[in-house]
Amino acid sequence: MFSLKMLPLLLLLHVQLSKAFPVPSQFLEEQNAKIVQNYLEKFYQLPRYKHPSERKNSTSVIVEKLKEMQQFFGLNVTGKPDEETLEMMKKPRCGVPDTGDYMITPGNPRWKKTDLTYRIINYTPGLSGPAVERAIEDAFKLWSDVSPLTFTKTSRKEADIQMAFFRGDHGDNSPFDGPNGILAHAFQPGPGIGGDVHFDAEETWTETSENYNLFLVAAHEIGHSLGLAHSFDRGALMYPNYAFSDPSTYLLHQDDINGIQAIYGPSNNPVQPTGPTTPTACDPRLTFDAITTLRGEILFFKDKYFWRKHPHLPMVELNFISTFWPSLPNGIQAAYEDSDRDLIFVFKGNKYWALSGYDIQPGYPKNIANYGFPSSVQAIDAAVSYGGKTYFFVNNQFWSYDDQSQSMDPGYPKSIESTFPGIESRVDAVFQENSFFLFFSGSRYYAFDLNARRVTRIARSNIWLNCR
């Protein structure tokens with residue numbers, strides 16, 4: 001299966017092949033035009049034209065539909081098939097069209113009852129029957145936990161929600177496209193095919209981070225079966241593009257909870273459930289969990305997300321940690337780059353991982369005791385590497401680690417304030433740029449000049465995410 005971490009290699013290969021075998025720009029333009037046409041027809045109601053002459057006359061319609069798509073995904077609204085737009089169109093996703101509404105399918109379809117039944121018609125060869133049943137049962141439970149709905153598995157043909165694996169054209173006017181691309185689709189509540197869920201049988205379905213996790217896709221499609229449309233909130237389950245999250249710790253997003261409760265009312269639980277929300281770059285209260293540089297970029301970690309800031313690109317991109325490192329935990333607490341070894345190290349609790357670009361090095365995670373910390377240190381707040389030393393910040397103290405001897409320097413820990421006057425609060429994150437350490441504490445950052453040995457600037461943290 002295509003993996004995002006293969007992207008740099010594939011791009012390099014593409015460049016090399018292009019030099020050896022020049023591809024006519026007209027051919028690339030035609031290929032991109034087909035991608036745009038197909039995507040907008042499937043997901044944004046672009047009219048299907050039978051003749052090329054009709055298509056040429058539809059330029060203004062395509063521009064408007066492109067703008068609608070770009071606005072939905074939070075891209076630059078240009079009306080042009082630029083690189084980031086084409087990249088978004090190539091991502092694996094749900095086959096249900098997108099809408100601008102945050103939650104509910106147009107027409108507000110809903111089930112007239114709250115006790116629903118479901119039937120699994122067939123299975124996928126990649127998973128055992130019990131594994132499929134467990135994934136789907138857990139997917140339904142996500143929705144029953146936050147609403148008055150209940151779901152009961154049945155073998156009866158009259159089940160409200162029929163679930164099945166199909167290949168290609170399977171008679172519902174929504175053919176599947178083979179591996180990757182469209183993963184599944186579902187139909188809004190109603191009689192007949194209403195509420196039914198179809199999975200592409202040509203995908204490799206798993207219980208893990210490999211390929212496509214059945215639990216996550218099933219939970220998304222069940223949302224459609226209950227009357228929800230796609231959400232433009234990147235962190236919501238009902239966001240159209242696939243992204244892996246650990247099923248064992250998965251919590252339904254607040255946007256999804258708001259959506260299902262808008263249709264069916266609150267949960268019957270005495271304590272109303274709440275879910276996580278997606279961090280907003282320009283929220284003045286925004287704090288970071290960890291920050292590190294990576295080959296010229298800066299990565300800002302927050303919960304299960306991170307922002308990528310490239311020095312030569314105007315936009316700051318929000319991604320799931322799991323999109324690039326599926327086996328890393330959420331809530332990274334510290335990170336630093338060892339540029340000499342071309343590695344970044346990330347920490348959570350008493351464990352740490354070494355990453356080479358978007359590959360986790362074998363043999364990890366390891367225990368932070370390997371660095372020489374006393375047993376009393378069970379987590380790192382922040383870390384930064386500079387001048388052959390790595391500095392670790394814990395509460396109001398810091399340690400100096402010698403990268404060459406791979407041992408802690410004598411005389412540590414020391415008080416942070418004694419060595420970095422002006423840094424009086426606990427450090428959430430730190431990274432190095434030029435002759436400065438950039439300390440982040442709460443919603444503010446402090447620029448500490450390593451030559452002058454003093455803080456020369458204090459400002460809001462999210463200025464680094466282009467917020468003014």
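Remarks
- Taking every DSSP beta bridge that has both ends in the chain, the antiparallel portion is near 80%.
- Solvent-accessible area, 1.4 Å probe, carbon plus sulfur percent, for region 103-247: 49
- Which label in (1) 70, 60, 54; (2) 131, 68, 42; (3) 74, 61, 41 gives the computed Cα extents along the principal axes in Å: (3)
- Spatially proximal lysines relative to K113 (Cα-Cα < 19 Å; intrachain offsets below 8 disregarded): K141, K153, K157
- Segment Y364..S174, full-extension length gain: 64.1 nm, with 0.36 nm per residue of separation and the alpha-carbon distance subtracted.
- In terms of distances greater than 28 angstrom between alpha carbons, the cross-link table entries K42/K304; K67/K112; K42/K80 yield K42/K304; K67/K112.
- Accessible-area value, C282, 1.4 Å probe, nucleic acids and ligands omitted, Å²: 80
- Take each peptide in 405-412, 321-328, count the other Cβ atoms within 10 Å of every residue, and average; sorted highest first, the result is 321-328, 405-412.
- The residues neighbouring A131, those whose beta-carbon lies less than 12 Å from its own, together hold a net charge of -3 under the Lys/Arg +1, Asp/Glu -1 convention.
- Across q = 0.09 Å⁻¹, region 100-236 modelled as identical point scatterers on its alpha-carbon atoms has Debye log10 I(q)/I(0) values of -0.24, in the order of the q list.
- Solitary cysteines of the chain, where the nearest other Cys Cβ is not under 4.7 Å: C94
- Based on protein heavy atoms only, the chain ends up with 49 Å² per residue of surface accessible to a 1.4 Å probe.
- Calculated FRET efficiency for the pair S407/R134, C-beta based, R₀ 51 Å, to 0.05: 0.60
- With a cut-off of 15 Å between beta carbons, the residues surrounding P175 carry a summed charge of -4, where Lys and Arg count +1 and Asp and Glu -1.
- Charge tally in the Cβ shell below 11 Å around D381, where Lys, Arg are +1 and Asp, Glu are -1, D381 excluded: -1
- The solvent-accessible area of K157, taken with every protein chain present and a 1.4 Å probe, is close to 150 Å².
The values are calculated or read from the model by the stated rules, or taken from the named source; none is laboratory data. Keep in mind the model is a prediction, meaning the values are calculated, not measured. So basically every Cβ, Gly included, is an ideal-geometry build from the backbone, and we count neighbours across all protein chains shown. Side chains included, ligands, DNA and RNA excluded: accessible areas come from the protein's heavy atoms. Shrake-Rupley method; radii C 1.70, N 1.55, O 1.52, S 1.80 Å.
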